[in-house]
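Let me begin by presenting the structure, written as structure tokens, before commenting on it.
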Amino acid sequence: MEYEPVIGLEVHAQLLTNTKIFCGCSTKFGATPNTHTCPVCLGMPGVLPVLNKKVVEFMMKMALATHCTINGECNFARKNYFYPDLPKGYQISQYASPPAEHGWIEMEIDGGKKRIGITRIHMEEDAGKLLHDEHNPVSHVDLNRTGVPLIEIVSEPDIRGAEEAAAYLRRLHEILVYLEICDGNMEEGSFRCDANVSLRPRGTETFGTRTELKNMNSFRNVQRAIEYEIKRQAYVLDSGSAVVQETRLWDDTAGVTHSMRSKEEAHDYRYFPDPDLVPVVIDDAWIEAVLNTLPELPLEKRERFVREYQIPAYDAGVLTASRSLADYYEEVVRLSGQPKIASNWVMGDVLRFLNEDKKEIRACPIAPAALAEMIRLIQDGTISGKMAKEVSEAMYRTGKAPGAIIEEKGLVQITDEGALAGMISEIIGKNPAQTAQYREGKEKVFGFFVGQVMKATGGKANPQVINDLLKKMLAGTE
Amino acid sequence: MELCGLTIHELQDKLRAGETTSAEITASVLKRIDAVETEVRAYITLMRESAIEEAARADEAILRGEIKALTGIPIALKDIFCTKGVRTTCGSRILHNFVPPYDGTVVEKLRAAGAVITGKTNMDEFAMGSSTETSFFGVTRNPWDLTRIPGGSSGGSAAAVAADECIASLGSDTGGSIRQPAALCGVVGLKPTYGRVSRYGLIAFASSLDQIGPFTKDVEDCAILMNVISGYDPRESTSVPEDVPDYRAFLGRGIEGWRVGIPKEYFIDGIDPEVEAAIREAIRVVEKAGARCIEVSLPHTDYCVAVYYIVAPAEASSNLARYDGVKYGFRSEDNRDLLDMYKKTRSAGFGEEVKRRIMIGTYALSSGYYDAYYRKASQVRALIKRDFEQAFADCDCILTPTSPTPAFKIGEKTDDPMQMYLSDIFTISANLAGIPGISVPCGYTKSGLPIGVQFLAGHFQEGRLIQFASAYETHAKIEKRRPAL
Ligand SMILES: [Zn+2]
């Protein structure tokens, strides 16, 4: 039978606040275990949580960027379960009253646009980490991550395939990073995704039994895991069995999902409003203030680049991949006034150099002003496009200004027609046979003359000037 | 009278006049502890050495002329308050070796006010009980009759004040745990408005009900301690940024013209006749003082115990989840795996009553039962709160018995949890409504057991409550007795 996959994603994004959600401890990744802790995040007896306001603001940014309705009041709830990385025996999360709901994001799929609904966004605290000893049957608990703020972004079951799921995830990732509220690092776990997958016969409306997939720590793995799960469920259904509602873990090495726990074994989290916290009240003035801090989002930026700079959609996509790259490009355009040429240079040499060195645009040794200056020098004929290649490489390696490099290398282009005309008449005089051939209509020998002029000038002659002069002089009009 | 038998304000007068020193007062208290503690057993942990050091420092401060609100006064703490470097057990085996790395807010405030901390007092395990019998460290005995309970859960703090084993103490009150033992031990005990005193550092039993308050020998001392411990704390989200008045300014103001509500639902069958007679007498006293008593109704009174025994265990089941043997406290040995460790640790670490309440609370929050129990209880709780709001529209304060009976025999109710739960029948409502309540001695039974009367007022009306209690104390002229120890 032909099935249609129905997929919903739950994304956990760690927020880039300086301090944790309910205490003053640092959120920095990678510290010595248990050094970013205090009685509050250690879950000591008698401690109480106090909400970090920045977390609410970051949540609001994401809510506004994904067109969610922000509720005027929301509550924190306790999610109760036992695990050694959860020092209080409950996670402070949000349940019955989420702060933001009913949103959507738009993405480009197969040339068209598709909206994926956002069911809700809520705030919660992260748990710690267990470090298992490889040689002894002991585990250690690192509570540095305990209390690091998270937002959970739950999508509607609007996704219809593994590729689409990956595309949605990329869009979400891009927005979070653009908003500068999450570093998006999937390997370090600051951007995590679980997927709910079910199948139904194509053309039907009711949802099939779903499984929840966990442990996918890259975009590729999310896509692979969902692809696998779709095939597995189709096989189960085709063989006349029923899909079991359960949680399954993705095994990256084996490329399969394994059953982790069934519905019967599922936790009863016994959610109830956390009596240690008061309701969070969000008024219109606060929403307005956060709205004013929102940057232009990637999709809007992409569309504006196409419109304003007349560059192809593909180029706009590349140039808006990150906020800093887009800012870099726009600065070059502002200073050079050449959007198309600027995009060629940024997408070409600049990104190539950076990729080779695995560097971020922020660390690029070529300042936007230097690149704009180089573009101006090409435009006014001081250097040729070919020379510019050499100049840009040197700019990247040395960080020097283009003028200095041109001078050092003696790269200035010869555009003086008088000097070139003398040289050309000399070459014509020395090569009567080729001149005769050209005049008989063998235009192929034109290239020979160009080569001769270049040789004579050490490659510094302005090609356009040579072309024009040669044509005139070979024709014998001069 | 020995120094240990005096009140805070009497001792402060002597300290200011140079008639005594904190070292002498502290020595008197420690001597008294040595004499009677083997019988009363009010303390879990005595802090003898640090108390002597603190007294010496207090005397130096007094010599420099720096006398603060509690300088040099020996105060005991219920063993539910986290004290930096001093074992804090909450009366439980599971925390029998727990040494907090921090001081709770009230402990910081007491220290900042110059108090001498004498030790950590006994309590029902995790404050769950009305008799101090559920403590892992054994029962505290009522100083007035050593065969009887001191009340609970703050029984150690109440008994220590009654037996002069400290000058005053702090307890916590989740359903009556200050007021009921105060009544049964013949001392003054106040539970402030929820949000008035910071809970930071108070080991949680039921977070939406817990509140810290003082045990003192008279109402003036109560006002002195309230001045020290009250106030907004940015470390507690439910703390209320409401101004703290000088509670001493309410003393001796009189209650002429006050309307005093007598809730008809509080004079029930099962109330001890001697208690009822004492309360009727208290009503006559306040009328003689110029107040007018009127009947008021708190129609949802019948539901208080039921609501309480859903809300409190539900919150407790979650609050006590952190005691899992992983990070601190008791951990069982020979565990097969993680689940086994959890089960063994919690089975052996908690006592019967605590486990009973964890089970009740877990059940009440379970999916499928939440709506019928926890949600319903929360809704009824709102009605109970409204009862009080409506009553306080007609009266300035409410007068009730504190406890339906005087102190009962040790072991008398341990096998009957329902009977035990009913000892808090008059005190629970104030916690559910979040309002302040005070218990003041109002007489003795023929056999010499103390009886307490409870006054309740609206949110943040502790000043008026103290004013009322002070006037009552003045007019009632209850004979000052000392337990025969
Ligand atoms: Zn912390």
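The strands (runs of 3 or more DSSP E) falling completely within the stretch A:179-274 that include 2 or more residues that are of a type in the set (A, V, I, L, M) and surrounded by 16 or more Cβ atoms within 10 Å (Cβ to Cβ) map to A:191-201, A:211-216.
Inside the stretch B:293-328, residues that are assigned to a strand (DSSP E or B) and hydrophobic (A, V, I, L, M, F, W, C) make up a count of 3. When restricted to residues that are facing chain A (nearest Cβ under 9 Å) and more than 14 Å from the chain's Cα centre (by Cα), the stretch B:207-232 contains 2.
Only strands (runs of 3 or more DSSP E) whose full extent lies in the stretch B:164-267 are considered here, and the ones with at least 1 residues that are touching a Cys at 6+ places or on another chain (Cβ under 7 Å) are B:188-191, B:211-216, B:259-263.
If you scan the stretch A:104-148, which residues turn out to be of a type in the set (S, T, N, Q), part of a loop (DSSP other than H, G, I, E, B) and more than 16 Å from the ligand (Cβ to nearest atom)? Within the stretch A:104-148, A:Asn136 is the sole residue that qualifies. A residue that is more than 14 Å from every other protein chain (Cβ to nearest Cβ), surrounded by 14 or more Cβ atoms within 10 Å (Cβ to Cβ) and not in a loop (DSSP other than H, G, I, E, B) occurs somewhere in the stretch A:278-289.
Residue by residue, here is whether (1) within 14 Å of another protein chain (Cβ to nearest Cβ); (2) of a type in the set (Gly, Ala, Ser); (3) away from the ligand (no atom under 11 Å from the Cβ) holds:
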{"residue": "A:Val6", "(1), (2), (3)": "no, no, yes"}
{"residue": "A:Ala13", "(1), (2), (3)": "no, yes, yes"}
{"residue": "A:Gly24", "(1), (2), (3)": "yes, yes, no"}
{"residue": "A:Lys28", "(1), (2), (3)": "no, no, yes"}
{"residue": "A:Leu48", "(1), (2), (3)": "yes, no, yes"}
{"residue": "A:Met60", "(1), (2), (3)": "no, no, yes"}
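Can you find a residue that is within 14 Å of chain A (Cβ to nearest Cβ) and surrounded by fewer than 23 Cβ atoms within 10 Å (Cβ to Cβ) anywhere in the stretch B:166-177? No, there is no match, as no residue in the stretch B:166-177 is within 14 Å of chain A (Cβ to nearest Cβ) and surrounded by fewer than 23 Cβ atoms within 10 Å (Cβ to Cβ).
Could you count how many residues in the stretch A:12-70 are in a helix (DSSP H, G or I) and under 26 Å from B:Tyr102 (Cα atoms)? Summing the residues that are in a helix (DSSP H, G or I) and under 26 Å from B:Tyr102 (Cα atoms) in the stretch A:12-70 gives 1.
Of everything in the stretch A:30-46 that is among the polar types (S, T, N, Q) and either surrounded by fewer than 19 Cβ atoms within 10 Å (Cβ to Cβ) or more than 10 Å from the ligand (Cβ to nearest atom) (or both), the residue that is farthest from the other protein chains (Cβ to nearest Cβ) is A:Thr32.
Considering the conditions (1) in a loop (DSSP other than H, G, I, E, B); (2) more than 18 Å from the chain's Cα centre (by Cα); (3) within 30 Å of B:Lys413 (Cα to Cα), B:Glu66 is excluded by exactly one of them, (3). Residues in the stretch A:407-434 that are at pLDDT 75 or above, among the aliphatic types (A, V, I, L, M) and surrounded by 14 or more Cβ atoms within 10 Å (Cβ to Cβ): A:Leu420, A:Ala421, A:Met423, A:Ile424, A:Ile427, A:Ile428.
Taking the conditions exactly as written (of a type in the set (Asp, Glu) and either touching a Lys or Arg at 6+ places or on another chain (Cβ under 8 Å) or assigned to a loop (DSSP other than H, G, I, E, B) (or both)), does B:Asp387 satisfy them or not? Answer is no for this residue. The residues listed here are B:Glu54, B:Glu24; of these, the one that is among the charged types (D, E, K, R) and either without any contact (Cβ under 8 Å) to a residue 12 or more places away in the chain or within 13 Å of B:Ala115 (Cβ to Cβ) (or both) is B:Glu54.
All conditions but one from (1) within 14 Å of another protein chain (Cβ to nearest Cβ); (2) within 21 Å of B:His459 (Cβ to Cβ); (3) surrounded by 23 or more Cβ atoms within 10 Å (Cβ to Cβ); (4) touching an Asp or Glu at 6+ places or on another chain (Cβ under 8 Å) apply to B:Val197; the one that does not is (4).
Would you confirm whether or not the stretch B:110-130 contains a residue that is more than 26 Å from B:Phe408 (Cα to Cα) and within 14 Å of chain A (Cβ to nearest Cβ)? Within the stretch B:110-130 (the criterion being more than 26 Å from B:Phe408 (Cα to Cα) and within 14 Å of chain A (Cβ to nearest Cβ)), the answer is no, since none of the residues qualifies. Within the stretch B:282-334, the residues that satisfy the criterion of being in contact with a helix residue (DSSP H, G or I) (Cβ under 7 Å, 6 or more places away or on another chain), small (Gly, Ala, Ser) and within 14 Å of another protein chain (Cβ to nearest Cβ) are B:Ala314, B:Ala316, B:Ser317, B:Gly325, B:Gly329. Checking each residue in the stretch A:360-406 for being under 27 Å from A:Thr457 (Cβ atoms) and of a type in the set (D, E, K, R) picks out A:Glu373, A:Arg376, A:Asp380, A:Lys386, A:Lys389, A:Glu390, A:Glu393, A:Arg397, A:Lys400. Within the stretch A:128-154, how many residues turn out to be surrounded by 12 or more Cβ atoms within 10 Å (Cβ to Cβ), within 11 Å of chain B (Cβ to nearest Cβ) and either farther than 15 Å from A:Leu42 by Cβ or without any contact (Cβ under 8 Å) to a residue 24 or more places away in the chain (or both)? Final tally of qualifying residues: 2. Exactly one residue out of B:Arg346, B:Arg331 is surrounded by 15 or more Cβ atoms within 10 Å (Cβ to Cβ), modelled with pLDDT of 95 or more and outside any helix (DSSP H, G or I): that is B:Arg331. Is it true that A:His67 is at positive phi and away from the ligand (no atom under 16 Å from the Cβ)? Spelling it out, A:His67 is indeed at positive phi and away from the ligand (no atom under 16 Å from the Cβ).
If you check A:Asn52 against the conditions, is it closer than 30 Å to A:Val278 by Cβ and surrounded by fewer than 16 Cβ atoms within 10 Å (Cβ to Cβ)? No; evaluated as a whole, the condition is false for this residue. Go through the residues of the stretch A:164-183 one by one and say whether even a single one is within 16 Å of the ligand (Cβ to nearest atom), in contact (Cβ under 8 Å) with a residue 12 or more places away in the chain, away from chain B (no Cβ under 14 Å) and not acidic (Asp, Glu). Among the residues of the stretch A:164-183, not one is within 16 Å of the ligand (Cβ to nearest atom), in contact (Cβ under 8 Å) with a residue 12 or more places away in the chain, away from chain B (no Cβ under 14 Å) and not acidic (Asp, Glu), which makes the answer no.
The values are calculated or read from the model by the stated rules, or taken from the named source; none is laboratory data. Source: prediction; values computed, not measured. Note that each Cβ is placed from the backbone with ideal geometry, even for glycine, and that neighbours are counted across all protein chains shown.
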